[in-house]
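Accompanying notes for the structure given below.
The values are calculated or read from the model by the stated rules, or taken from the named source; none is laboratory data. Here the structure is a predicted model, which means the values were calculated and not measured. Cβ: placed from backbone, ideal geometry, glycine included. Neighbour counts: every protein chain shown. Note: accessible area is taken over every heavy atom of the protein model, side chains too, but ligands, DNA and RNA are not part of it. Shrake-Rupley method; radii C 1.70, N 1.55, O 1.52, S 1.80 Å.
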Amino acid sequence: MSTKSNVARNDAGEAKEVRELILKKYPAKVARKRAKQIIVNQITGDDQVPEIMANTRTIPGILTMRGCAYAGCKGVVLGPTRDILQITHGPIGCGFYSWLTRRNQTRPRTADGTNFMPYAMSTDMQEEEIIFGGEKKLKKAIEEAISLFHPKAIGIFSTCPVGLIGDDVHSVAREMEEKYPEVNIFGFSCEGYKGVSQSAGHHIANNKVFSKVVGQIEQHKEGEYRFNILGEYNIGGDAFEIERIIERCGMTLHSTFSGNSEYEEFASAHTVDLNVVMCHRSINYMADMMEKRYGIPWFKISFIGAEATAKSLRKIAAYFGAPELMEKVEKVIVEEMYHVEAVRQEVKARCEGKTAMLFVGGSRAHHYQDLFTEIGMKTVSAGYEFAHRDDYEGRKVIPNIVVDADTRNIEELTVEADPTRYRPRKTAEELQQLEQREHMGFNEYLGMMAEMKSGDLIIDDLNHHEAEVLMEKYKPDIFCAGIKEKYVIQKGGVPLKQLHSYDYSGPYAGFRGAINFYREIDRMVNSNVFRFVKAPWQKNPELMGSYACKS
Ligand code: CFM
């Protein structure tokens, strides 16, 4: 793995060859499907990109990187909220393995502030409940939780067996709420098998938080420039860094969905004047629903990368439009960039021209490319695990996305303007002006492909075989993915940066986060240690198989 292959980077012809090589290994039917999910990027005028197949079932037998709907609902969207008491209704493994492994952090406002995150709460279903039903045990668990912890709100998360045996978590929630009216109790039908990945769980979580939590409390934090960040989950302390910057700029972050968040912040989130969306995949539903019901505009931002952070701050300030705010933001950017630049130049000198691959989730494979660009590195191949076509090709394709049975399975809420609380934050004219003058991109996301280069290889729902071919042919200087990929890739002689949990590091968001990332990548791509790795399969003979049948 120490010599570079002759794959000319960014060369569409070579990317096509790699694609063919990947597909060659599959039986005809599998190859036909994967061919639609492995695309050589091509940007034509007007930011047009090729169509990619996404958000469809993984082919049985292929080891996917994906997770389940329960993970997307409980782990991802609700997990980082510290004072909604979260009960996993199911066997103990689901609750245990979704307990803080994502490294989402939290910081109660006072030393004795409520924080349930250090607890893993589960009904621990046994054979008896699987046979005779688990509702009784769930009710008991809720009563026990209320008497011990006195929470403001309780979320019940369904695992696969709950749906299979037919426990009704919603009627349990209603019954317990009648008994304990001071507690907001709600259930999620987020059984792991719902949908094709964790993406379904995001949607289920958005729906319930929107209908059962947002709008419950009429209060807001102090400040003139108040907004929410949707889709920031405080992995490795990212939200702390973002909060620091926003505070420096003199703006008020009312709530973050859901990094470092509290129940009351969600419940009063409808009082702000703007929503900015960071992870489009996991929370675009909430942005849309809040706009329809309460009249809050939204646009996409990113705090990953120093340049992206600066651009996002400018956009938010321009939206509020106060000259003193814009001035303050510029001042903060200059001061922060001074520190960023010094490290960036130093690291860039050692990293320039090196290559990266990113295969992560539903938004980071896009955002983190900016950090690599800032230190002169090139992304040669990237893809999401579970994103939809709009995250690849931009929201403009949404009307053309075929709604299949799996998607129809997830409820789409019909949302109307609130009769008393709908309040347009800007007039249609003001919004239009902002669009023309500042290119705000209201209700827009351009997606990953338009911001990559022609000839880059885009792969949806990457699997192990495909990762091996990429490694062999491109020999990237760094591979970004998760824990399931980490050690196989590293045994192949390429360092792997976990972009889910950040390994043991972070934050990577904002200005200080960018500095952390540059330093970390510098250490990884310029360390010689990986060149000396000999994988077990390079030392011993390998058993190979191939398909003899034709279909
Ligand atoms: Fe959004 Fe996320 Fe992501 Fe995601 Fe995730 Fe995550 Fe991710 Mo792991 S919400 S889509 S379901 S940015 S847990 S914080 S890193 S796969 S790219």
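For R32, the stated conditions hold: it is surrounded by fewer than 23 Cβ atoms within 10 Å (Cβ to Cβ), over 23 Å from G362 (Cβ atoms), free of Cβ contacts under 8 Å to residues at least 24 places away in the same chain and basic (K, R). Only one entry of K315, K311, K331, K292 meets the criterion of being more than 25 Å from T427 (Cα to Cα), away from the ligand (no atom under 16 Å from the Cβ) and assigned to a helix (DSSP H, G or I), and that entry is K331.
Table: residues versus (1) at negative phi; (2) within 13 Å of the ligand (Cβ to nearest atom).
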residue: A205; (1), (2): yes, yes
residue: G215; (1), (2): no, no
residue: G236; (1), (2): no, yes
residue: A239; (1), (2): yes, yes
residue: L253; (1), (2): yes, no
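What are the residues in the stretch 435-453 that are of a type in the set (A, V, I, L, M, F, W, C) and open to solvent by 10 Å² or more (accessible area, probe 1.4 Å), if any?
Applying the first criterion (of a type in the set (A, V, I, L, M, F, W, C)) to the stretch 435-453 yields 440, 442, 446, 448-450, 452.
F442, L446, A450, M452, listed by residue number.
Here is a list: A417, A382, A387. Which entry is away from the ligand (no atom under 16 Å from the Cβ) and modelled with pLDDT of 95 or more?
Values: A382 fails: away from the ligand (no atom under 16 Å from the Cβ); A387 fails: away from the ligand (no atom under 16 Å from the Cβ).
It is A417.
Only residues that are over 21 Å from S501 (Cα atoms) and either among the aliphatic types (A, V, I, L, M) or in contact (Cβ under 8 Å) with a residue 40 or more places away in the chain (or both) were counted across the stretch 115-131, and they come to 4. For the stretch 36-57, a residue qualifies if it is crowded, with 17+ Cβ neighbours inside 10 Å, out of contact with any Lys or Arg (no Cβ under 6 Å at 6 or more places or on another chain) and either β-branched (V, I, T) or at pLDDT below 95 (or both), and the qualifying residues are I39, I43, V49, I52, T56.
Counting only residues that are surrounded by fewer than 14 Cβ atoms within 10 Å (Cβ to Cβ), part of a helix (DSSP H, G or I) and of a type in the set (V, I, T), the stretch 382-409 holds 1 of them.
Filter the stretch 487-508 for residues that are open to solvent by 20 Å² or more (accessible area, probe 1.4 Å), touching a residue at least 40 places away in the same chain (Cβ under 8 Å) and either within 16 Å of the ligand (Cβ to nearest atom) or out of contact with any Leu (no Cβ under 6 Å at 6 or more places or on another chain) (or both) and give the result. K491, H500, S505, G506, P507, listed by residue number.
Pairs are defined by a Cβ separation below 7 Å, a sequence spacing of at least 6 or placement on different chains, a first member in the stretch 330-345 that is free of Cβ contacts under 8 Å to residues at least 24 places away in the same chain, and a second member that is surrounded by 14 or more Cβ atoms within 10 Å (Cβ to Cβ) and part of a helix (DSSP H, G or I); the pairs so defined are I333/A310; I333/L313. Output yes when any residue across the stretch 231-240 is surrounded by fewer than 23 Cβ atoms within 10 Å (Cβ to Cβ), over 16 Å from the mean Cα position of the chain (by Cα) and in contact (Cβ under 8 Å) with a residue 12 or more places away in the chain, and no when none is. Within the stretch 231-240 (the criterion being surrounded by fewer than 23 Cβ atoms within 10 Å (Cβ to Cβ), over 16 Å from the mean Cα position of the chain (by Cα) and in contact (Cβ under 8 Å) with a residue 12 or more places away in the chain), the answer is yes, since at least one residue qualifies. When restricted to residues that are away from the ligand (no atom under 12 Å from the Cβ), in a loop (DSSP other than H, G, I, E, B) and open to solvent by 20 Å² or more (accessible area, probe 1.4 Å), the stretch 58-99 contains 8. Checking the stated criteria, Y193 turns out not to satisfy the condition of being touching a residue at least 60 places away in the same chain (Cβ under 8 Å) and under 27 Å from A417 (Cβ atoms).
Per-residue answers, yes or no, for (1) surrounded by 21 or more Cβ atoms within 10 Å (Cβ to Cβ); (2) out of contact with any helix residue (DSSP H, G or I) (no Cβ under 9 Å at 6 or more places or on another chain); (3) at pLDDT 95 or above:
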{"residue": "E129", "(1), (2), (3)": "yes, no, yes"}
{"residue": "I146", "(1), (2), (3)": "no, no, yes"}
{"residue": "I156", "(1), (2), (3)": "yes, no, yes"}
{"residue": "C160", "(1), (2), (3)": "no, no, yes"}
{"residue": "L164", "(1), (2), (3)": "no, no, yes"}
{"residue": "R174", "(1), (2), (3)": "no, yes, yes"}
{"residue": "N184", "(1), (2), (3)": "no, no, yes"}
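Quick check on I375: is it modelled with pLDDT of 95 or more, away from the ligand (no atom under 15 Å from the Cβ) and open to solvent by 10 Å² or more (accessible area, probe 1.4 Å)? No. Residues in the stretch 59-101 that are in contact (Cβ under 8 Å) with a residue 12 or more places away in the chain and on the phi > 0 side of the Ramachandran plot: G90, L100.
When the criteria are applied in full, M286 meets the requirement of being under 19 Å from the mean Cα position of the chain (by Cα) and open to solvent by less than 20 Å² (accessible area, probe 1.4 Å).
With respect to the conditions (1) closer than 24 Å to T427 by Cα; (2) open to solvent by 50 Å² or more (accessible area, probe 1.4 Å); (3) hydrophobic (A, V, I, L, M, F, W, C), A342 lacks only one, and its number is (1).
Selection of the stretch 516-534 for residues being of a type in the set (A, V, I, L, M, F, W, C), open to solvent by less than 60 Å² (accessible area, probe 1.4 Å) and under 20 Å from S505 (Cα atoms) yields F517, I521, M524, V525, F530.
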